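First comes the structure, then the notes that go with it.
The values are calculated or read from the model by the stated rules, or taken from the named source; none is laboratory data. Note that the coordinates shown come from a computational prediction; the quantities given were computed from them, not determined experimentally. Positions of Cβ are generated from backbone atoms using ideal geometry, with glycine treated the same way; all protein chains shown enter the neighbour counts. The protein model used for the area step is the full one, side chains on, heavy atoms only, and it has no ligands, DNA or RNA in it. Shrake-Rupley method; radii C 1.70, N 1.55, O 1.52, S 1.80 Å.
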Amino acid sequence: TLRKYYRLNLGSIMYPEMQQLLLKAQVLDEQAFVEKLRESCGDILLLMLTGRFAGEKDLATDILLVGNIKSRNLEKVIKEYEKDIGFEIRYTTMKKDEFFERRQMMDKFLYALFEEKHMMVVNELDL
């Protein structure tokens, strides 16, 4: 399928309004994606959007999921969303025990995620 691409005229008086409209569309799209993750990917105790979802391209992962995750369902949901957004999503899954063990050891990977911009979407671990 062919895709159409548009570019905003930065000098237009409508630029700020168009930028806000596109931002709202992106947020709604992300909300639908998160709902699909929650519905079909198992018992998610922690869901953190980071990396590209938070404007941080250099982080090692874009999504951190903690809990009893259904890997096949997760892969399917992610692949579908990747087609919509046009980039590969880097994600990390952990069981609850592994997460707390790594957190207690001050794991560099987890520390970096929590230090940078992120959005905590599901937090049943009371962090």
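General remarks:
- Enumeration of residues in the range 70-89 that are at pLDDT below 95 and part of a loop (DSSP other than H, G, I, E, B): GLY86, PHE87, GLU88, ILE89
- Only one of GLU98, GLU80, GLU115 that is charged (D, E, K, R) and closer than 30 Å to TYR5 by Cβ: GLU80
- Residue within the range 115-123 that is in contact with a Lys or Arg (Cβ under 6 Å, 6 or more places away or on another chain), surrounded by 16 or more Cβ atoms within 10 Å (Cβ to Cβ), touching a residue at least 24 places away in the same chain (Cβ under 8 Å) and not in a helix (DSSP H, G or I) present: no
- GLU30 falls short on exactly one of the conditions (1) within 15 Å of the chain's Cα centre (by Cα); (2) more than 18 Å from VAL121 (Cβ to Cβ), and that condition is (2).
- Selection count, the range 33-47, where residues are in a helix (DSSP H, G or I) and open to solvent by less than 60 Å² (accessible area, probe 1.4 Å): 4
- Candidate set: the range 48-69, residues that are open to solvent by 60 Å² or more (accessible area, probe 1.4 Å) and outside any loop (DSSP other than H, G, I, E, B); chosen: the one modelled with the lowest pLDDT: ARG52
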